[in-house]
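Undergrad: Dumping the structure here so I can ask a few things about it.
The values are calculated or read from the model by the stated rules, or taken from the named source; none is laboratory data. It should be emphasised that the depicted structure is a prediction, and the values quoted were computed from it without experimental measurement. A quick note on method: Cβ atoms are made from the backbone with ideal geometry, for glycine too, and the neighbour counts reach across all protein chains shown. Heavy atoms of the whole protein, side chains included, go into the accessibility calculation; ligands, DNA and RNA do not. Shrake-Rupley method; radii C 1.70, N 1.55, O 1.52, S 1.80 Å.
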Amino acid sequence: MSAAILTQLHLGLGSFHRAHQAVYMQALHDQGEQTWRIVGGNLRPDMLETVAVLQASHGAYTLETVNTAGERFYQYITAIQAVISWDQELSGLVKVASDPNTRIISFTVTEAGYYLDAHNHLDENFADLRSDLAGQTCSTIYGALSKLLHARMQAGAGKVTLLNCDNLRSNGERFLSGLKQFLAKHDDQTLLAWVSAHTTAPNSMVDRITPRPTPDIRERVKAATGRDDPAALMGETFIQWVVEDHFANGRPAWETVGVEMVKDVMPYEEAKIRLLNATHSCIAWAGTLRGYQYIHQGTLDPEIRQMAYAYVTEDVIPCLEDTAKPYPLNLPKYRDVVLDRFSNPNILDTNQRVAMDGFSKIPGFIQPTLREALDANRSIDAVARLPALFLRFLQRQQRGEIPFKYEDQAMNPASAQAICTSSDPIATFANEQVLFGSIAGNERLIAALRKAVPVVDEFVSKT
């Protein structure tokens, strides 16, 4: 009698999951380890065309990767072995989640999809979260998982790991806190107790630049492989996944295919969020203000590159290295690798994709460096240029002068309008709690922004 196939149920079949976590599962399959599979689906009725294409191919698709030398590589991914259709009750996902052979439920819903304020409290200002709390819908990660886990509890299907794969600091820990708050507010004490006893939520760090797919990828894939693949996507050759080894009911042997299984993901996470994610946003906002369309164009602009380099060198590295023990990563080397990756002209990653969600990215990626530098009484001149860039970006966006649709789940339109119509936009911006949390209104922050905004204005005027 053959052993049962174990399932990782993934919520969110966007490009990143298919270019990242699915690739590691594929690597296991390629070396003959077939114990695990991925089943995927979405929480909302989006990406319907892509989902239909993936269902027709039984979850298979082609991944193109490209290195800085412009060499392209093609891989046929078959690790996602079933794609679930969306319906309002999430019935297909509920069925998979209730199966005892499903041991991991993972998810990618973007940083803004967790609705956590600066104090890690659920922010009920969002209509979809309120609707889920009222039991009218299940479209957020909390509403969906409460439904899935309730069904699993009822089925007696056993323990399960809840694996966050988004760019959120302490992502597993914070997500689980949000879920428990949701269940408490929903007054579901039985499920709350079950979740506490039957789940784990390891922190993880994920990294691979994965642009939104464009039609030319499909053309290149067809020319290179002969497959006409409407679900084809692309990413850079670089890939990294660091996961805390804290699983409730087994896991794939990811360590055999390059995943770093660690006790504490924090040092890797902090380096990635501050040196990579914040720098990415800096380049996207600056590049947009300077009239560029792509990330590599901004990174290759000497002034933008220097702004990003100075931010990391002058403010981030001193914050991270200000500890009693040596940092486990070579931070200057990591900085240089990041800038080289962003310089890759073959990726064609758009400023539109990276510039989105500034109201989540400033508190998540940038505010910690501001806060720690202020606490240590160090200069914040270099890091202050990043929120200054976003302020000028936001003002243009509010005037309709950004050449793309800006998406920001955490942005309150009234707050954005108040900032941009204020008689003192810098002070109003610096007082925004959503962006700056405990340092909102800090006099040194306001002073640094007043110094940084003219630097940004002079930089932009050169376009």
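Undergrad: Filter the stretch 30-71 down to residues that are within 26 Å of residue 337 (Cα to Cα) and β-branched (Val, Ile, Thr) and give me whichever is least open to solvent (accessible area, probe 1.4 Å). It would help to see each step written out before you state the result.
TA: Step one: of the stretch 30-71, the residues within 26 Å of residue 337 (Cα to Cα) are 63-71.
The next check asks that each one be β-branched (Val, Ile, Thr); those that pass are 65-66, 68.
Values: 65: 17, 66: 1, 68: 94 Å².
Restricting to residues being within 26 Å of residue 337 (Cα to Cα) and β-branched (Val, Ile, Thr), the top hit is 66.
Undergrad: Restricting to the stretch 177-191, name every residue that is free of Cβ contacts under 8 Å to residues at least 40 places away in the same chain and open to solvent by 30 Å² or more (accessible area, probe 1.4 Å).
TA: Hits for the stretch 177-191 are 180, 184, 187, 189, 190.
Undergrad: Any idea how many residues of the stretch 278-291 are within 19 Å of the chain's Cα centre (by Cα) and open to solvent by 10 Å² or more (accessible area, probe 1.4 Å)?
TA: 1
Undergrad: Residue under question is residue 372, and the condition is that it be out of contact with any Leu (no Cβ under 8 Å at 6 or more places or on another chain), part of a loop (DSSP other than H, G, I, E, B) and surrounded by fewer than 21 Cβ atoms within 10 Å (Cβ to Cβ); does it hold? It would help to see each step written out before you state the result.
TA: Details: out of contact with any Leu (no Cβ under 8 Å at 6 or more places or on another chain): yes; part of a loop (DSSP other than H, G, I, E, B): no; surrounded by fewer than 21 Cβ atoms within 10 Å (Cβ to Cβ): yes.
So residue 372 fails the test.
Undergrad: A follow-up question, please. Name, by its number, the condition in (1) under 27 Å from residue 25 (Cβ atoms); (2) surrounded by fewer than 19 Cβ atoms within 10 Å (Cβ to Cβ); (3) in contact (Cβ under 8 Å) with a residue 12 or more places away in the chain that does not hold for residue 303.
TA: (1)
Undergrad: Sort out which residues of the stretch 96-137 are part of a helix (DSSP H, G or I) and either in contact (Cβ under 8 Å) with a residue 40 or more places away in the chain or open to solvent by less than 50 Å² (accessible area, probe 1.4 Å) (or both), and write them in order of number.
TA: Of the stretch 96-137, the ones part of a helix (DSSP H, G or I) are 96-97, 111-114, 127-133.
Listed by number, the residues that qualify are 96, 97, 111, 112, 113, 114, 128, 129, 131, 132, 133.
Undergrad: Can you tell which of 320, 329, 300, 348 is at pLDDT below 95 and under 30 Å from residue 220 (Cβ atoms)? Spell out how you get there, then give the answer.
TA: Numbers: 320 fails: under 30 Å from residue 220 (Cβ atoms); 329 fails: under 30 Å from residue 220 (Cβ atoms); 300 fails: at pLDDT below 95.
Of 320, 329, 300, 348, the one residue that is at pLDDT below 95 and under 30 Å from residue 220 (Cβ atoms) is 348.
Undergrad: I would also like to ask the following. Part of a helix (DSSP H, G or I), under 27 Å from residue 165 (Cα atoms) and touching an Asp or Glu at 6+ places or on another chain (Cβ under 6 Å): does that describe residue 282?
TA: Considered against the rule, which asks whether it is part of a helix (DSSP H, G or I), under 27 Å from residue 165 (Cα atoms) and touching an Asp or Glu at 6+ places or on another chain (Cβ under 6 Å), residue 282 comes out as no.
Undergrad: For residue 272, only one of the following conditions fails: (1) more than 19 Å from residue 333 (Cα to Cα); (2) surrounded by 20 or more Cβ atoms within 10 Å (Cβ to Cβ). What is its number?
TA: (1)
Undergrad: Within the stretch 416-450, can you find the residues that are surrounded by 13 or more Cβ atoms within 10 Å (Cβ to Cβ) and either basic (Lys, Arg) or assigned to a loop (DSSP other than H, G, I, E, B) (or both)? Walk me through it before giving the result.
TA: Here is the first cut: in the stretch 416-450, the residues surrounded by 13 or more Cβ atoms within 10 Å (Cβ to Cβ) are 416, 418-420, 422, 425-437, 439-442, 444-450.
Of everything in the stretch 416-450, those that are surrounded by 13 or more Cβ atoms within 10 Å (Cβ to Cβ) and either basic (Lys, Arg) or assigned to a loop (DSSP other than H, G, I, E, B) (or both) turn out to be 422, 431, 432, 440, 441, 442, 444, 450.
Yes/no matrix, rows are residues, columns are (1) in a strand (DSSP E or B); (2) over 24 Å from residue 166 (Cβ atoms); (3) not acidic (Asp, Glu):
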residue: 10; (1), (2), (3): yes, no, yes
residue: 13; (1), (2), (3): no, no, yes
residue: 29; (1), (2), (3): no, yes, yes
residue: 40; (1), (2), (3): yes, no, yes
residue: 45; (1), (2), (3): no, no, yes
residue: 49; (1), (2), (3): no, no, no
residue: 55; (1), (2), (3): no, yes, yes
residue: 76; (1), (2), (3): yes, yes, yes
residue: 94; (1), (2), (3): no, no, yes
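Undergrad: While we're looking at this one, here's another question. If I ask for residues that are among the basic types (Lys, Arg) and either over 29 Å from residue 164 (Cβ atoms) or open to solvent by less than 10 Å² (accessible area, probe 1.4 Å) (or both), which ones from the stretch 194-223 would you list?
TA: Scanning the stretch 194-223 gives 218, 220, 222.
Undergrad: Out of everything in the stretch 385-414 that is in contact with an Asp or Glu (Cβ under 7 Å, 6 or more places away or on another chain) and open to solvent by less than 30 Å² (accessible area, probe 1.4 Å), what residue ends up being nearest to residue 129 (Cα to Cα)?
TA: If we take residues in the stretch 385-414 being in contact with an Asp or Glu (Cβ under 7 Å, 6 or more places away or on another chain) and open to solvent by less than 30 Å² (accessible area, probe 1.4 Å), then 410 is nearest to residue 129 (Cα to Cα).
Undergrad: Also, quick follow-up: Report yes if residue 453 is out of contact with any Leu (no Cβ under 6 Å at 6 or more places or on another chain), at pLDDT 95 or above and either farther than 30 Å from residue 140 by Cα or in a helix (DSSP H, G or I) (or both), otherwise no. It would help to see each step written out before you state the result.
TA: On the way: out of contact with any Leu (no Cβ under 6 Å at 6 or more places or on another chain): yes; at pLDDT 95 or above: yes; either farther than 30 Å from residue 140 by Cα or in a helix (DSSP H, G or I) (or both): yes.
Yes.
Undergrad: Residues of the stretch 1-29 being open to solvent by 10 Å² or more (accessible area, probe 1.4 Å) and either touching a Pro at 6+ places or on another chain (Cβ under 7 Å) or of a type in the set (Asp, Glu) (or both), which ones?
TA: Matches in the stretch 1-29: 15 only.
Undergrad: Please specify each residue of the stretch 223-251 satisfying the condition of being without any contact (Cβ under 8 Å) to a residue 12 or more places away in the chain and closer than 21 Å to residue 80 by Cβ.
TA: 228, the sole residue that qualifies.
Undergrad: Is it true that residue 167 is within 23 Å of residue 267 (Cα to Cα) and open to solvent by 30 Å² or more (accessible area, probe 1.4 Å)?
TA: On the way: within 23 Å of residue 267 (Cα to Cα): yes; open to solvent by 30 Å² or more (accessible area, probe 1.4 Å): yes.
So residue 167 fits the description; yes.
Undergrad: Can you tell me which residue among 258, 250, 226 is modelled with pLDDT of 95 or more, open to solvent by 10 Å² or more (accessible area, probe 1.4 Å), touching a Lys or Arg at 6+ places or on another chain (Cβ under 7 Å) and on the phi > 0 side of the Ramachandran plot? Give the derivation first.
TA: Working: 258 fails: touching a Lys or Arg at 6+ places or on another chain (Cβ under 7 Å); 226 fails: touching a Lys or Arg at 6+ places or on another chain (Cβ under 7 Å).
The unique qualifying residue is 250.
Undergrad: Just to be sure, is residue 144 in contact with a Cys (Cβ under 8 Å, 6 or more places away or on another chain) and either within 15 Å of residue 186 (Cβ to Cβ) or surrounded by fewer than 20 Cβ atoms within 10 Å (Cβ to Cβ) (or both)?
TA: Criteria met by residue 144.
Undergrad: Got at least one residue in the stretch 148-169 being over 19 Å from the mean Cα position of the chain (by Cα), on the phi > 0 side of the Ramachandran plot and at pLDDT below 95?
TA: no
Undergrad: Starting from the stretch 383-410, keep only residues that are farther than 19 Å from residue 432 by Cα, then list their pairs with residues that are open to solvent by 40 Å² or more (accessible area, probe 1.4 Å) whose Cβ atoms are within a distance under 6 Å, requiring at least 6 positions of separation or different chains.
TA: Going by the 6 Å Cβ cut-off, the qualifying pairs are 402/396; 404/352; 406/397.
Undergrad: Going through 378, 353 one at a time, which residue ends up being in contact (Cβ under 8 Å) with a residue 40 or more places away in the chain, farther than 21 Å from residue 296 by Cα, of a type in the set (D, E, K, R) and open to solvent by 30 Å² or more (accessible area, probe 1.4 Å)? Show your work before the answer.
TA: Values: 353 fails: farther than 21 Å from residue 296 by Cα.
Of 378, 353, the one residue that is in contact (Cβ under 8 Å) with a residue 40 or more places away in the chain, farther than 21 Å from residue 296 by Cα, of a type in the set (D, E, K, R) and open to solvent by 30 Å² or more (accessible area, probe 1.4 Å) is 378.
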